[in-house]
Amino acid sequence: MAGTRTHADEAREEVVEAALARLGLDAKARLLAGQDMWTLPGLPEIGLKSLVMSDGPIGVRGVRWTADDPSVALPSPTALAATWDPELARRAGVLLAQESRRKGVHVLLAPTVNLHRSPLGGRHFEAYSEDPYLTGLIGAGYVKGVQSGGVGTTVKHFVANDAETDRFTVNNLLSERALRELYLAPFETIVENAHPWGIMTAYNTVNGTTMTEHRYLVNEVLRGEWGFDGFNVSDWTAARSTVGAIEGGLDVAMPGPDTVYGAALAAAVRDGKVDEATVDTAVRNVLRLAARVGILEGAEPVVTELPETVDGSELAREIARRAFVLVRNEGALPLKPGRVALIGAAARDARVLGGGSATVFPSRIVSPLDGLTAALPEGTLTYAVGAAPDTELSVFDPGFELCAICRDADGNVIGSDSAPGGQLKWMGPSALPEGVTYEQLHTVEVTGTFTPRESGLHAFGIQGIGTFTLTIGGTTHFDDVQNPAKDDPFITFFGEPTPRAQAELTAGEPVDVSLTYVVEPPEGLTMRAIIFALAHQEPQRDPDELIAEAVAAARDADTAVVVVATTERVESEGFDRADLRLPGRQDDLVRAVAAANPNTVVVVNSGSPVELPWRDDVAAVLLSWFPGQEGGAALADVLTGAHEPGGRLPTTWGSLTDAPVTQVVPSDGELPYTEGVFIGYRAWEKEGRSPSYAFGHGLGYTDWTYESVEATGTTVRVRVRNSGQRPGREVVQVYLAPSEPDAERPARWLAGFAGVEAAPGESAEVTVELPRRMFEIWDEMTMSWSLVKGSYEIQVGRSITDRRLTATINV
Ligand code: BGC
């Protein structure tokens with residue numbers, strides 16, 4: 001059960017009950033429906049303020065989807081998990097609570113704790129790991145941190161939202177064992193250890209029941225067995241039926257104002273289809289949340305003393321370097337004094353975060369080029385693009401200065417707003433510029449100037465659906481309707497921009513740009529919204545020429561550092577990946593540079609696994625994930641050796657052909673998880689395949705000797721010595737392997753871990769307590785956990801394949 005009630009909890013419950021008793025059916029039903037994209041209605045009659053939610057997980061976007069409402073951007077969730085440090089995750093949470101408070105946000109829609117089932121999962125970067133235990137502990141740290149700042153969380157997406165293809169409708173078919181031992185496990189750990197105030201139910205269906213109506217998993221498992229007492233919010237537009245959702249334990253249907261709750265719910269009660277007591281239960285859950293975050297009059301919030309203020313940039317930088325995983329180092333790192341050739345489009349235009357609803361807008365971005373320029377002696381660094389990963393137009397290119405002008409049907413200006421980067425996401429009436437209403441609004445024009453940084457043929461285009469006019473330098477290039485490419489309405493938000501204009505421009509010379517949109521309700525979305533963007537692409541140069549330039553730069557340098565990256569089209573929301581290859585000519589680039597300079601270091605800037613076919617031909621490979629706003633500064637810290645890279649792989653990296661579980665495309669609406677409990681390293685080991693880099697792997701700049709392991713009961717003590725030349729931090733990993741092979745169970749699994757620091761020559765001891773659950777399986781006959789007695793080998797080491805010491809225990 002999730003904690004026992006304190007006096008303060010009891011006092012809040014009393015206020016909640018009193019408030020509930022004063023509400024009529026219509027007000028109750030209204031409270032359970034979003035009033036717009038991000039908020040619930042306030043109810044002044046009971047002293048309840050409007051509850052504000054915002055996306056995370058790496059920052060706090062707030063209620064406006066725009067760069068002029070910036071947020072700190074921490075490294076991607078995969079990076080946070082790569083630190084293997086729940087305490088660091090807690091500190092990340094403290095910062096995010098601080099950001100939430102600054103922006104008036106009461107609930108952060110995070111963390112994402114779905115599992116890395118298939119490397120093709122489009123939102124892989126936004127989840128933590130392929131291992132449920134690591135995921136659960138990082139998630140618990142994160143939730144504790146956010147909530148210690150008095151801000152709620154919604155652990156998401158409950159449950160089995162492990163891929164994006166047909167995510168609204170897919171029926172994931174899972175065995176009860178796989179559900180319990182893998183997919184539910186992180187949620188359970190977080191409920192037990194961090195007592196989250198919220199959960200978000202997923203779009204998908206599990207074993208025939210859509211998750212926003214899954215009475216068994218929500219009411220019986222989550223609330224009943226685990227004792228979850230927070231609120232359950234639907235993923236955005238996931239609630240489909242009034243009666244099904246309320247009976248299935250869904251408290252809040254988002255976004256509003258048109259949802260299955262509100263008036264429809266009140267009517268269902270009046271028609272006798274829903275018991276008012278069921279509505280009361282949901283309202284109670286929402287009021288309890290409101291009391292906890294301090295927006296219900298008379299209730300003392302859970303947090304009355306805020307944690308100390310955190311420096312967001314510093315923390316972002318610390319997490320990034322602690323997350324970088326050095327998977328290969330043939331002596332190239334740390335960099336030796338000398339000339340460095342920095343190569344790659346992402347070295348200059350850093351890709352610091354993944355796409356989709358996880359997007360936030362940092363107020364600054366330190367690219368690898370910025371970071372290394374600041375860290376290396378003047379005159380020792382050169383830069384070459386080498387190869388562009390992006391073959392399409394992108395939103396948010398540098399060089400635009402734009403604003404948005406709103407006009408009525410007669411062409412009169414009725415309002416305006418800033419439009420940084422030319423992207424507008426005004427969702428709901430409250431997002432419109434001051435004084436503007438949907439009734440009056442006829443067109444929105446994004447207008448201003450673009451100053452190119454390179455001369456040549458620039459391309460411009462449009463992301464969005466509807467009627468547009470695009471004018472560049474006084475010439476109208478497009479004046480027509482742009483239709484959706486796919487039927488997922490979220491493509492409007494994140495879809496591929498369509499090229500519509502080309503213009504020959506000169507570097508440094510501004511040109512007028514204008515994109516006008518004729519306002520109409522976007523299809524498939526229930527809420528009024530203005531969502532479109534002006535997109536752009538730099539002049540395209542001959543790729544062979546670019547690679548040749550990079551090779552020349554590499555030849556002239558002592559070390560070549562190549563930054564390769566994925567793009568928003570590869571890792572985002574609403575679609576899965578088609579392959580694991582680096583986009584564009586980046587593999588060719590690395591091969592050519594490595595052939596020219598034996599001291600080639602490759603930095604892999606992706607949120608999730610990519611194939612590295614040249615990995616054995618380069619001197620070092622450093623995975624930097626999506627490293628957040630300070631990524632370039634952290635990269636300089638690590639490359640120069642000011643700090644060691646601290647990360648260990650939270651997920652196996654290998655090629656798509658070797659990956660044992662890849663299926664993300666449903667057939668006839670169904671996606672069977674046929675692999676059962678064998679995902680990630682559990683599956684790689686079962687299949688007897690060797691990945692490129694194993695789960696848990698990661699090098700620092702010192703060496704470690706494993707000296708002893710001792711197991712007393714389920715307490716494991718491990719002594720390690722820093723046998724290298726510099727101080728370091730080791731992640732001691734404990735795997736549990738049944739002594740008798742059992743085809744139904746993995747060969748071994750992660751059962752505990754601990755970080756430890758030591759100076760050169762110094763030894764240190766860690767104690768790892770193995771939870772009882774590590775020795776249990778879910779028994780599908782009795783529908784309960786069952787201890788598997790017998791002998792187990794405790795295997796201690798640096799990764800799942802680099803095991804150094806063993807001990808045996810009997811349970
Ligand atoms: C995503 C959620 C997100 C929500 C609000 C959904 O499409 O799946 O993770 O919190 O949108 O942006």
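Side notes on the structure shown:
- Of all residues in segment 547-573 being surrounded by fewer than 22 Cβ atoms within 10 Å (Cβ to Cβ) and within 20 Å of Arg351 (Cα to Cα), the one that is nearest to the ligand (Cβ to nearest atom): Glu573
- Candidate set: segment 644-665, residues that are touching a residue at least 40 places away in the same chain (Cβ under 8 Å) and farther than 21 Å from Ser799 by Cβ; chosen: the one least open to solvent (accessible area, probe 1.4 Å): Val664
- For segment 46-53, the criterion of a residue being crowded, with 24+ Cβ neighbours inside 10 Å and part of a loop (DSSP other than H, G, I, E, B) is satisfied by at least one position.
- Entry remark, segment 416-472: residues being at positive phi and either in a strand (DSSP E or B) or open to solvent by 20 Å² or more (accessible area, probe 1.4 Å) (or both) number 5 in total.
- Restricting attention to segment 201-250, the residues that are away from the ligand (no atom under 16 Å from the Cβ), hydrophobic (A, V, I, L, M, F, W, C), out of contact with any strand residue (DSSP E or B) (no Cβ under 8 Å at 6 or more places or on another chain) and in a loop (DSSP other than H, G, I, E, B) add up to 1.
- Residue match in segment 343-364 (condition: more than 29 Å from Leu424 (Cα to Cα) and either open to solvent by 10 Å² or more (accessible area, probe 1.4 Å) or at pLDDT below 95 (or both)): no
- Subset tally (residues that are open to solvent by less than 10 Å² (accessible area, probe 1.4 Å) and either away from the ligand (no atom under 16 Å from the Cβ) or in contact with a His (Cβ under 8 Å, 6 or more places away or on another chain) (or both)) for segment 81-100: 11
- Residue match in segment 495-508 (condition: within 16 Å of the ligand (Cβ to nearest atom), modelled with pLDDT under 90 and on the phi > 0 side of the Ramachandran plot): no
- Residue in segment 57-69 that is polar (S, T, N, Q), open to solvent by 10 Å² or more (accessible area, probe 1.4 Å) and modelled with pLDDT under 95 present: yes
- Checking the stated criteria, Leu265 turns out to be over 23 Å from Val107 (Cα atoms), more than 16 Å from the ligand (Cβ to nearest atom), of a type outside the set (Asp, Glu) and buried (at least 24 other Cβ atoms within 10 Å of the Cβ).
Matching residues to (1) in contact with a Ser or Thr (Cβ under 9 Å, 6 or more places away or on another chain); (2) of a type outside the set (Phe, Trp, Tyr):
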{"position": "Ile138", "(1), (2)": "yes, yes"}
{"position": "Val143", "(1), (2)": "yes, yes"}
{"position": "Ser148", "(1), (2)": "no, yes"}
{"position": "Asn171", "(1), (2)": "yes, yes"}
{"position": "Ala178", "(1), (2)": "no, yes"}
{"position": "Pro186", "(1), (2)": "yes, yes"}
{"position": "Ala194", "(1), (2)": "yes, yes"}
{"position": "Trp197", "(1), (2)": "yes, no"}
{"position": "Asn204", "(1), (2)": "yes, yes"}
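- For segment 101-124, residues that are more than 14 Å from the ligand (Cβ to nearest atom) and either open to solvent by less than 10 Å² (accessible area, probe 1.4 Å) or within 30 Å of Thr657 (Cα to Cα) (or both) total 6.
- Applying the criterion of being among the hydroxyl-bearing types (Ser, Thr, Tyr) and without any contact (Cβ under 8 Å) to a residue 40 or more places away in the chain to the residues of segment 221-258, the residue that is least open to solvent (accessible area, probe 1.4 Å) is Ser234.
The values are calculated or read from the model by the stated rules, or taken from the named source; none is laboratory data. The structure presented is a predicted model; accordingly, all values stated were derived computationally and were not measured. Methodologically, a virtual Cβ is constructed for each residue, glycine included, from the backbone with ideal geometry; neighbour enumeration extends over all protein chains shown. For accessibility, only protein heavy atoms count, side chains too; no ligands or nucleic acids. Shrake-Rupley method; radii C 1.70, N 1.55, O 1.52, S 1.80 Å.
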